[in-house]
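The values are calculated or read from the model by the stated rules, or taken from the named source; none is laboratory data. Predicted, not measured: the structure shown is a model, and the values here were computed from it. Cβ: placed from backbone, ideal geometry, glycine included. Neighbour counts: every protein chain shown. Note: areas computed on protein heavy atoms with side chains; ligands, DNA, RNA excluded. Shrake-Rupley method; radii C 1.70, N 1.55, O 1.52, S 1.80 Å.
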Amino acid sequence: MDAVNLPDELQSGFLRVGEVAQPRMEEQDGCEAQTDRSLVTFLSGPSYYTKVAFWRLPCLCGPSSSVEHEELRRVLAAVPKEIRAEDCIEGVTNYFAVLMNMVKTTECPESLAAAAKPLSLVLERVPAPMLRRRFLDTSKTFRSILASLACSSSSSALCSVLSCLATLLRKLVPWNKVIMRQAYQHLLSFTLHTEPQVQKAARCGISSVLFEVTSPAYRRAVRVTVKFCAQEIRRAGGTREAMAILDVLTLLHDLLPCLPGATMSIYCETLLHVMSLGQMLVMKSTMQIFHCLFSAQSSRTCLPVELNAQIIEALYDYLPSKSNLQPTVTWLDVMERAHIHLGRLQMELCWKHLPRLFAATMTLFLLPHPQVPSAAAKTLKMLLNECVVPHMAKLGPISTSASGPAASLCEMFRAVEDGLTYQYRKVRAPVLQVLQVFFKVCGKQGHPIMRKCLKTLCKLRLSLDFPDVTELDKAVGAAVSAMGPEVLLEAVPLAVKSREEILDFSRSWLLLVLQDHIRSARLGFFVHYFLPLAAALKGRAMKLAQDRMMLKSEIYNELEGQVWSLLPVFCRCPTDVVNSFSRLAHTLGTTLIERPDLHLTVCHALCTLITKGCQTAAERAEVSHFAKYFLPILFIMYRQPDNNRAHQHTVLDTIRTYLTITDRQMVCRFLQDAERMLLWRGPHIVEFTRLSNLDLIMAMVPYADEPTLSTLYHTIQRFLHRVLGVCENAAMLLVKMGQAFLCFGPTPQEAMQRFLFLVFPGLNGSVSMINCTVLVLTRLLFNFKEHLGPDETELLLHSVCMLLGFRARCVVKAVLGFLQDALLLLDDRLLAPHIPTVLEALQGLPNIMKRHFRAKLKFIHNRCRRLQNPSAPRTQGGLHIQERQRRREGRSAGPLHLLRPQQVPAQQEVEGEDAGTLQGADEGSPARHPGWAQTPPHL
């Protein structure tokens, strides 16, 4: 093979690590299938080392016509040939020797790069003892090549040799010779090369070395690197271009993850010295490095607490001027991360630095750039959430006379509160956002120092053309959520008087804020503050209505409605349910009776209190104690006809919610009362009342006991054949009763069996009763199919199949519907033993019934046949597919041949009252149509 050309294996495509060429097809049958060719590499035959070492070279991933790639291919083809010519084994040591010889003797930069690239990969696999013995010669070769190519334009060769030198240094740590450290310094010098590619290669080499070495060589290498950077920065000073300093800063940025604490002080001093040069790009790059340093969440040993605080103090000297937008935003980001990092290391020291930063940041709100106030507000909010929130529980109550961290918090709040003055009028929106977070974070403990601010906010709200109403309402709402409504209304009263003549309710906006933001308040406060206020407003509205001042009366009514609308939010997680609900219950009951306009509000409040306010057993017991007072009132409200169905649904939802905490015995008494009302007769009992009673009974059924439900069923039976609406409600009620029976146990099957014994007596009643009972059984089958065992299934099917002898079409239709659902819903193993019983019952149907329900019967017969013989062929239209094929071919129909009915007039069917008998049929035998000579077997 010619030295310039690649071997056939390489030309046909290279293999990655672990891949081998597939053997020939003719060799796969014998034991000799594993030949040398099966171990061939992508490069030059049976060479394991070549395959492992060179598959990562990017030039081999595809064809290329460049000179560099052609040179690399030539080198990769020539190396194994030279090794074989010397009768040597293709080991990594021989590859190293041949490639090093090529690097020494090659003068062409392209050939040198082609030899150095695979050499960097081979160096990773050469044993360290051999490299240590050959280090002097190897490093001298690399350094001489780098010196000769330093000023050339061949960046590819420089990058390849730098990679080889970095790999050599990384493999030989810890360094025990001075020449090794000199080689490392030589590698450092190329980080300032004029070519960006060479700089990047040198930086990557430095990073790889520093990430691999361990202590103490690690610390020495880092100190050498940082010392080199510091010397270069001092050497550059202000005389050289900023680009040289930026190159050094880029190298320092790469060193962040591996700097120890002892070197960090030199590193930070260097950065601060660079910032003093005053060059914009250099300062921006330095700030980015500081940001990365504080964002890395370094450990205490990497960035000591004292050094962190010193950097914060020093950065105040580099606050950008008012005209520089981007540096100001960057400075804010760096200071934010620095304080957060200091708070993680030592919060006591962070408390001392936060007030100064808050004061300095508030001055930035006045800058003319609109982006700066937003960035400043973001910084302050982040500091409150990250630094203050985790430590608020340790502070206790905050007052103006406090000391330590509490005093620092007071200074921080005062600095932000100054943002409400006139000079900040154009940037009040971001200031209000910071105050909102301040109230949310510190309002619970710091409300004594915030009352003055609340008064100021309410005065601003009333000022003419105040633009930031939404942000102010959010800030006041955050104060309400944190402090509670009592603190707010004590600092800023509502000022709503019941004898107001001018109707100037300037602070009525607070009612809407309270409604949206009250959390975990006291019910007692609503009782003694808002209930008297609502009563006074209602009295004033009634007085104005009597004086025919309707507009003013409506205003007072509206205010009263807003006051009452606070009740549901007071019921959301209140703190004094046990102590205060008894004082509120009587008023709520009276309101339900006397004030239809407040029904929705009171019902909403009761539902909220039960679902979100009763968190403990004592609270549930306290509210449950008043069930005997509220539930009768709610029952009466629901039974009253009302055109507004939304009110009815709300009342019913309230009843259902209250029943969840009501005593079971009390529920049974209420259920018995509702049952007796179902039996009432008289002109005053309208159908709406009966349906409402059924709704209430359905709501109470899940919480009743088994004897009460058993008695209830006998009452419900009377209504199954009545009006359609009552029948549907009764069926739904029976489903609810079945769900309740499942809770009585001991097993779901036994509970369901007891419930079915209650339902089966309905099959002995009139035709209408039987029809409705079968429909109910079908509904129960759909809802409780998973709780039916073999005994229950047998009981259901045998009881229902006996009804097929009835002459009433409605009963037969209901039974067939039940059988259809049973065959679809029940498990095949439960149904299979009862299929003969079903088929036998179907044979006794009158012919006219078979004709009328032929579609249902066809489905039932097909399904039964499939259950009896799962491997039987399917049918089309009641006939076997084979039979249809014979008919199309004109052959005999076989045993399934049907005789056509005679063309005679069909008898007219006359149904009697609840009997459904057929004219011309005896009482004891089924009627048959004279036109049918034989009943089709598939029917």
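Would you point out which residue out of 389, 416 is surrounded by 22 or more Cβ atoms within 10 Å (Cβ to Cβ) and closer than 17 Å to residue 450 by Cβ?
Values: 389 fails: surrounded by 22 or more Cβ atoms within 10 Å (Cβ to Cβ).
Exactly one of 389, 416 is surrounded by 22 or more Cβ atoms within 10 Å (Cβ to Cβ) and closer than 17 Å to residue 450 by Cβ, namely 416.
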Hits in the range 92-119 (condition: farther than 15 Å from residue 74 by Cβ, of a type in the set (Ser, Thr, Tyr) and without any contact (Cβ under 8 Å) to a residue 40 or more places away in the chain): 93
Being more than 26 Å from residue 407 (Cβ to Cβ) and either open to solvent by less than 20 Å² (accessible area, probe 1.4 Å) or assigned to a helix (DSSP H, G or I) (or both) is the requirement here; does residue 507 meet it? no
Of all the residues that make up the range 406-435, how many are farther than 16 Å from residue 375 by Cα and not aliphatic (A, V, I, L, M)? 11
Checking residue 345 against (1) more than 18 Å from residue 293 (Cα to Cα); (2) open to solvent by 10 Å² or more (accessible area, probe 1.4 Å), which test does it fail? (1)
Within the range 712-725, can one find any residue that is open to solvent by 30 Å² or more (accessible area, probe 1.4 Å), at pLDDT below 85, in a loop (DSSP other than H, G, I, E, B) and under 20 Å from residue 637 (Cα atoms)? no
Those residues of the range 820-871 that are within 18 Å of residue 785 (Cβ to Cβ), of a type in the set (Asp, Glu) and either part of a helix (DSSP H, G or I) or in contact (Cβ under 8 Å) with a residue 24 or more places away in the chain (or both) come to a total of 2
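Taking residue 537, is it farther than 27 Å from residue 422 by Cβ, of a type outside the set (Gly, Ala, Ser) and touching a Leu at 6+ places or on another chain (Cβ under 6 Å)?
Considered against the rule, which asks whether it is farther than 27 Å from residue 422 by Cβ, of a type outside the set (Gly, Ala, Ser) and touching a Leu at 6+ places or on another chain (Cβ under 6 Å), residue 537 comes out as yes.
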Sole miss for residue 433 among (1) open to solvent by 20 Å² or more (accessible area, probe 1.4 Å); (2) farther than 20 Å from residue 357 by Cβ; (3) part of a helix (DSSP H, G or I) is condition (2)
Please find, among 122, 98, the residue that is surrounded by 19 or more Cβ atoms within 10 Å (Cβ to Cβ), under 52 Å from the mean Cα position of the chain (by Cα) and of a type in the set (A, V, I, L, M, F, W, C). 122
Being more than 16 Å from residue 208 (Cβ to Cβ), crowded, with 22+ Cβ neighbours inside 10 Å, in contact with a Lys or Arg (Cβ under 9 Å, 6 or more places away or on another chain) and among the hydrophobic types (A, V, I, L, M, F, W, C), is that true of even one residue in the range 174-181? no
Take the conditions modelled with pLDDT under 80 and more than 16 Å from residue 167 (Cβ to Cβ) and apply them to residue 88. Does it pass? yes
Sort out which residues of the range 177-188 are assigned to a helix (DSSP H, G or I) and in contact (Cβ under 8 Å) with a residue 12 or more places away in the chain, and write them in order of number. 179, 180, 181, 183, 184, 185, 186, 187, 188
The one condition residue 370 fails out of (1) buried (at least 16 other Cβ atoms within 10 Å of the Cβ); (2) modelled with pLDDT under 95; (3) not β-branched (Val, Ile, Thr) is (1)
Name, by its number, the condition in (1) aliphatic (A, V, I, L, M); (2) open to solvent by 20 Å² or more (accessible area, probe 1.4 Å); (3) modelled with pLDDT of 90 or more that does not hold for residue 677. (3)
Residue tally, condition among the small types (Gly, Ala, Ser), open to solvent by less than 70 Å² (accessible area, probe 1.4 Å) and modelled with pLDDT under 85, over the range 296-327: 4
If you check residue 117 against the conditions, is it buried (at least 18 other Cβ atoms within 10 Å of the Cβ), among the basic types (Lys, Arg) and assigned to a helix (DSSP H, G or I)? yes
Selection within the range 362-399 - of a type in the set (Ser, Thr, Tyr) and more than 17 Å from residue 341 (Cβ to Cβ): 363, 374, 399
Reported set for the range 458-477 where residues are assigned to a helix (DSSP H, G or I), small (Gly, Ala, Ser) and more than 21 Å from residue 529 (Cβ to Cβ) is 475
Look through 659, 694 and report the one residue that is within 20 Å of residue 715 (Cα to Cα) and either aromatic (Phe, Trp, Tyr) or open to solvent by less than 70 Å² (accessible area, probe 1.4 Å) (or both). 694
Taking the range 599-613 and keeping only residues that are touching a helix residue (DSSP H, G or I) at 6+ places or on another chain (Cβ under 9 Å) and open to solvent by 10 Å² or more (accessible area, probe 1.4 Å), one is left with 599, 600, 601, 604, 607, 608, 610, 611
Near pairs, Cβ below 7 angstrom, 6+ apart or cross-chain, from the range 277-290 (under 17 Å from residue 229 (Cβ atoms) and modelled with pLDDT under 80) to any residue that is of a type in the set (Gly, Ala, Ser) and open to solvent by 20 Å² or more (accessible area, probe 1.4 Å): 277/238; 279/242
Tell me whether the range 584-593 contains one or more residues that are under 24 Å from residue 513 (Cβ atoms) and open to solvent by 10 Å² or more (accessible area, probe 1.4 Å). no
For residue 572, state whether it is among the basic types (Lys, Arg), crowded, with 19+ Cβ neighbours inside 10 Å and closer than 27 Å to residue 458 by Cα. no
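Per-residue answers, yes or no, for (1) assigned to a helix (DSSP H, G or I); (2) without any contact (Cβ under 8 Å) to a residue 60 or more places away in the chain; (3) more than 32 Å from the chain's Cα centre (by Cα):
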| position | (1), (2), (3) |
| --- | --- |
| 376 | yes, yes, no |
| 382 | yes, yes, no |
| 389 | yes, yes, no |
| 397 | no, yes, yes |
| 415 | yes, no, yes |
| 427 | yes, no, yes |
